[in-house]
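The structure appears right after this line, and notes come after that.
Read-outs: derived from the displayed coordinates by stated rules, not from any lab. Quick caveat, the model's predicted, so the values are computed rather than measured. Here the Cβ positions follow ideal geometry from the backbone for every residue, glycine too, while neighbour counts run over all protein chains shown.
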Amino acid sequence: MTFDERLQNVAIIGAAGKMGSGIALLLAQEMARLKNKPENKDKNYRLYLIDINLDHLAGLQQYLRTQLVKAGEKACVLLRQMYKDREDLVENQDCINQYVEDALSFIRTGTDLSIVKDSRVIFEAVLEKKDLKVDLLKKMDNLCGKDTLYLTNTSSIPINILNKEANLNGRISGFHFYNPPTVQKLAELIFADNTVQELRDFSMELAKRLSKKIVPSNDIAGFVGNGHFLRDGLYGLREATKLAKDYSLPGGLYIINKISQDLLIRPMGIFQLIDYVGVDVFQSISETVAGYIQGEDLEDDLLKKMYDKKILGGQRSDGSQKDGFLKYDKNRPVGVYDIDKGEYKLFDPQGWSGELDKKLGEYPVGFYAWRNLVADLKKNDKLKTFFQNLKSSNTLGAKLALAYLKNSKEIGEKLVKIGVAKTAEDVNNVLLNGFYHLYGPINDYI
Amino acid sequence: MTKFRKKVYLAAGYNTISFGSGRKEFNPKKARPGIEQYITEAGRGSIAQISDPKNIDEGVISNFMAARFCKQGNLAGFIPEIDPALEYKPSTRVEGACGSGGLALVTSMKTVLSDLADTVLTLGVEVQNTVKAIYGADILAGAGHYASERKEGHAYFFPAKFSDRAGVYYQKFGYEPTRKGMALWYEQMIKNARKNPKAQEYQNSIEDLFGAGMTPPNPKAFVENLNIYDCSKVSDGASALIFASEEGLKKLGIDKKDAIEVVGYGQCEANLTKQPEDPTRLLTTQKAAEKAYQMTGLGPKDIGLLEVHDCFTITGILALEAAGFAKYGEGAALVESGKTRIDGEIPTNPGGGLIGFGHYVGGTGVRQAVDCIHELTGKANGYQVKINSNRPYALMISMGGNDKTVTAMIFKKAE
Ligand SMILES: NC(=O)c1ccc[n+]([C@@H]2O[C@H](COP(=O)([O-])OP(=O)(O)OC[C@H]3O[C@@H](n4cnc5c(N)ncnc54)[C@H](O)[C@@H]3O)[C@@H](O)[C@H]2O)c1
């Protein structure tokens, strides 16, 4: 079957989740493009979106409509070409409306798994639980033909394990989108030892069609992206716990979150990122990877405690950030969780958090916030100067930041050494394209 | 050679801020003033400079597409809202796409010349930020010929029209020098705008303006031959001024030193259903400028202040050629020479032009005349030009659509 034929009938399981909904949008766009090719005029297209959560499914439809409008607005130059033979579509508005209708017309949502039976490709994006994934894969394999291909979005479970336990004979690959799938440029591709060639080709072609940067990862739990993120986050948690002796735990969390954003010139501090991904997701990555990798402590008590207390972060259906390690107002951190008291301690620039800022010391000359460098053509020079100054600075903040950077670099090197990533460049590409970092962890700055 | 049978003056100019992206206080998600607020702000700004609004005889208002941008027609009905003294006075709305403001000027002028009015309050307005730019492009495309051009046209209809002109011009006169001239035009306009607190680009803080202007075009997302810096922005705003006879100035208590005089004009309309004969020239603009020169016996060498319709940087360059300031094919070189800078020999668009000040489409022609009043009477503050006594005249050109509706006017300080 050709790539285009496969894309005529697609299903997504867990489609109302964070990742599933983004994948749904990307596929709907690509399928709408195919459907509008003259040679495909008489073909039927179907995109089945399955989820067990009815409320979220309703929200998903609204989300897709809004996002398709936005996508149509952005791609209007191309839409006008696509509809050039439709005499009734004259204005941009006409073309955008038609595009949204075209895409929505082949989408079916539902809770019943059996509607996927004719799908030729199925994307799996349910919770990060191995048994759940295996169970669903098995069920679907019983419903569908034996040439259906499966792409899982797992961020940590080895594909070989899913393949074996669900008995798929190599009809599965890891197609790891990053959050949010519509924005992050990265597709991390992971194949099981016997993943069939057609699926390998399909995965590569899909990544290309969706304009994703492909980074291959070997099939080792956590892969490259979460291999780095997990260890980077655990390092942050442990550093914060160490600092708790002098500055209390909320103080330690505040400090590490701040330096990991500001002095590392990253888009978010490490605890804000964990909240964004979801404390529960992070915990399950930790648990999964720890289960497959021996000789390395990949779990953390504080993380478990947060998970047990159900302080989970993640986003509401409108996209706003829920409280986790940090408390948020309009998606900006305004406080930090005090696990002993079970409440949030609000930032106080005139009081405790201002005091900590002073302890961290002045930022070195040449400091820029991430958002001010992200579009700067000379950012590499500016980063170089800044990191040089950081190295010669003697403040507490600079010391913590340098240690953090060193650790991040070591993680990167380790991923190459233990064979998760093929090259240092692959590691860097993952952080650049999947995490919005301005520089790769394996660099000469440090 | 026609002459005016009496003198006609302009005074009491007022521009609102040109509002839209670029202004720090602009947030597309927040509520903004509506079209009536802009009209009343500009109108009141103008009549605050006269003794008594009851001495205003008529009103003229120009606008392009409020019916689509704001779902509002019958705009002349907002003139009495400016001041109760204007209730029941004759008022007229005029439209000629981006050249609407020019039409408001000539209509007001002719009304004074007709002897039916001694004073006319002239306004121009557009509020465009009510829709996203991609839908605004549909609305603005109404300045072309919908039936023969829209379906074939580009998503960004007008940028593409001038992009096509730029493409042919590049071929004829070379890509590099033209591109450079366009980037320099951008740089000059933004530098001017930074001196004008009402300009949309007043707070522009790009360090390397020329570099930004040289950004290669991206046809996938936008048009073939222009980048976003080549384009004037989407703007909300209004301008107002007063036309008056000798008698009218007295009635309104306006001192001659605060007024300018129209010494001549040229008005041309080209067939909307036809494509431009030669994409590398603005032939209608050229005709209108020639008419104004003929009527006054003046020429480019007499002009010490130029206000042209630079909806795109390339249009600015083509206008310099059409109005006789540069030979055909040498517009970019004129920009490069520095002569069009605010301190140059022919200061051009000192308030920032459409690229730097902004382009509230149906109001732009009136805005250009307001700037001429401010410059010639020494009230332009930060963007004041030193008017060369050998070149005491100002020329403004208002252009609508793809060089279809053009008004040129020549002014001098009133004596
Ligand atoms: N969140 C991230 O940053 C991120 C990034 C990359 C990959 N991932 C991976 O993507 C997958 C999904 O993660 P997420 O963050 O979108 O989670 P999520 O909780 O937002 O979404 C999971 C969805 O699956 C649905 N679901 C649960 N059981 C189901 C069942 N039996 N049948 C159908 N639907 C079911 C849920 O209702 C929910 O809508 C996980 O494997 C995760 O590791 C997540």
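Over the Cα atoms of the stretch A:302-426, what Rg and Dmax result, in angstrom?
18.4, 49
Would you please state the base-10 log of I(q)/I(0) at q = 0.19, 0.23, 0.24 1/Å for the stretch A:109-226, with intensities from the Debye formula using one equal scatterer on every alpha carbon?
Log10 I(q)/I(0), no solvent term: -1.01, -1.44, -1.53.
Quick one: of the DSSP bridges fully inside the protein assembly as shown, what percent are antiparallel, nearest 5?
Approximately 55 percent, going by the DSSP bridge assignments.
Which FRET efficiency, nearest 0.05, do residue B:5 and residue B:171 yield, Cβ-Cβ r, R0 41 Å?
Efficiency, rounded to the nearest 0.05: 0.30.
Okay, which of the stretch A:195-219 sit inside 15 Å, backbone N to the point 7 Å along the Cα-Cβ direction of residue A:169?
A:195-199
For the pair residue A:332 and residue A:114, how long in nm is the line joining their label points, each one 7 Å along Cα→Cβ?
With each label placed 7 Å out from Cα toward Cβ, I get 5.3 nm.
Counting only Cα atoms, I'd like the Rg/Rh figure for the stretch A:103-176, Kirkwood definition for Rh.
Taking Rh as the inverse mean 1/r over Cα pairs, Rg/Rh reads 0.96.
Relative to the Cα centre, what is the charge dipole magnitude of the protein assembly as shown, using +1 at the beta carbon of each Lys and Arg, -1 at the beta carbon of each Asp and Glu, and rounding to the nearest 20 debye?
Result for the protein assembly as shown is approximately 720 debye, rounded to the nearest 20.
Can you give the Rg and Dmax of the stretch B:1-148 based on its C-alpha atoms, in angstrom?
Values for the stretch B:1-148 (Cα only, Rg and Dmax): 16.6, 54 Å.
According to the Kirkwood expression over distinct Cα-Cα pairs, how big is the hydrodynamic radius of the stretch B:125-265, in Å?
For the stretch B:125-265, inverting the mean 1/r across all distinct Cα pairs yields 18.3 Å.
In degrees from 0 to 90, rounded to the nearest 10, what is the angle of the helix A:424-434 Cα long axis to the longest principal axis of chain A?
In chain A, helix A:424-434 runs at an angle near 80 degrees to the longest axis.
Given a Förster distance of 30 Å, report the FRET efficiency between residue A:66 and residue B:228 from their Cβ-Cβ distance, rounded to the nearest 0.05.
The pair residue A:66/residue B:228 has a calculated efficiency of 0.75.
How big is the gap, in Å, between the Cα center of the stretch B:20-77 and the Cα center of the stretch A:130-174?
63 Å
Going by a ≥ b ≥ c, the root eigenvalues of the Cα gyration tensor, does the stretch A:1-113 fall in the rounded group (a/c under 1.5), the prolate group (a/b larger than b/c) or the oblate group?
Here the stretch A:1-113 falls in the oblate category.
Which listed residue (A:140, A:48, B:298) has the Cα farthest towards the positive end of the charge dipole for the protein assembly as shown, taking +1 on Lys and Arg C-beta and -1 on Asp and Glu C-beta about the Cα centre?
B:298
Using the alpha carbon gyration tensor of the stretch A:150-298, what are the three equivalent-ellipsoid semi-axes (square root of 5 times each eigenvalue), largest first, in whole Å?
Whole-Å semi-axes of the equivalent ellipsoid: 33, 18, 10.
Once chain A is represented by equal point scatterers at the alpha-carbon sites, with solvent omitted, what log10 I(q)/I(0) does the Debye formula produce at q = 0.05, 0.09, 0.11 Å⁻¹?
Normalising to I(0) and taking log10 leaves -0.19, -0.62, -0.91.
Please list, or write none, the aspartates and glutamates whose alpha carbon is within less than 15 Å of the alpha carbon of residue A:327, excluding same-chain residues fewer than 8 places away.
List returned: A:275, A:338, A:343, A:348.
D for the stretch A:225-434, whole µm²/s, Stokes-Einstein with Kirkwood Rh over alpha-carbon pairs at 10 °C and 1.306 mPa s: what number?
89 µm²/s
Helix A:54-74: angle to the longest alpha-carbon principal axis of chain A, degrees 0 to 90, nearest 10?
Rounded to the nearest ten degrees, it is 90.
Cα centroid distance between the stretch A:12-86 and the stretch A:202-266, in Å?
Taking the Cα centre of each part, the stretch A:12-86 and the stretch A:202-266 sit 31 Å apart.
Convex hull over the alpha-carbon atoms of the stretch B:227-300: what's its volume per residue in Å³?
Taking only Cα atoms, the stretch B:227-300 has a hull volume of 214 Å³ per residue.
Using the alpha-carbon centroid of each, what span in Å lies between the stretch B:247-283 and the stretch B:366-415?
The distance from the Cα centre of the stretch B:247-283 to that of the stretch B:366-415 comes to 10 Å.
Which one, A:259, A:162, A:22, projects farthest toward the positive side of the charge dipole computed for chain A from Cβ point charges (K/R +1, D/E -1)?
Most positive-ward Cα: A:259.
Determine the alpha carbon to alpha carbon distance for each of A:382/B:198; B:180/B:412; A:70/A:379; A:70/A:130; A:359/A:414; B:161/B:327 and list only those over 28 Å.
In this structure, A:382/B:198; B:180/B:412; A:70/A:379; A:70/A:130; A:359/A:414 lie more than 28 Å apart at Cα.
Rg and Dmax of chain B, Cα atoms, in Å?
When restricted to the Cα atoms of chain B, Rg and Dmax are 19.6, 58 Å.
Restricting everything to alpha-carbon atoms, can you work out Rg to Rh for the stretch B:120-168 with a Kirkwood hydrodynamic radius?
Over the Cα atoms of the stretch B:120-168, Rg/Rh equals 1.09.
Just round it to a whole percent: the fraction of Cα-Cα distances in the stretch A:3-216 exceeding 20 Å.
Beyond 20 Å sits 56 percent of the P(r) for the stretch A:3-216.
Please list B:371-377, B:397-403, B:211-217 highest first by mean number of surrounding beta-carbon atoms within 10 Å per residue.
Descending mean neighbour count gives B:397-403, B:371-377, B:211-217.
Taking the Cα centre of chain A as origin, sum charge times position over the Cβ atoms of Lys and Arg (+1) and Asp and Glu (-1), and report the length of that vector in debye to the nearest 20.
The calculation lands at about 640 debye.
Helix B:100-113 sits at what angle to the longest principal axis of chain B, using alpha carbons and giving 0 to 90 degrees rounded to 10?
30 degrees
For the stretch A:254-302, just say rounded, prolate or oblate: build the C-alpha gyration tensor, square-root its eigenvalues into a ≥ b ≥ c, call rounded for a/c under 1.5, and beyond that prolate if a/b exceeds b/c, oblate if not.
Prolate shape, in that a/c is at least 1.5 and a/b is the bigger ratio.
Could you point to the residue in A:77, A:119, A:177 farthest towards the positive end of the stretch A:3-216's charge dipole, with +1 and -1 charges on the Cβ of Lys/Arg and Asp/Glu respectively?
Highest projection toward the positive end goes to A:177.
Suppose every K and R has +1 on its Cβ and every D and E has -1 on its Cβ; what is the size of the dipole of the stretch A:1-81 about the Cα centre, in Debye to the nearest 20?
260 debye
When the Kirkwood hydrodynamic radius is evaluated over all pairs of different C-alpha atoms of the protein assembly as shown, what value in angstrom, to one decimal, is obtained?
So the Kirkwood estimate lands at 30.7 Å.
Using a Förster distance of 35 angstrom, determine the FRET efficiency expected from the C-beta separation of residue A:127 and residue A:40, and round it to 0.05.
0.50
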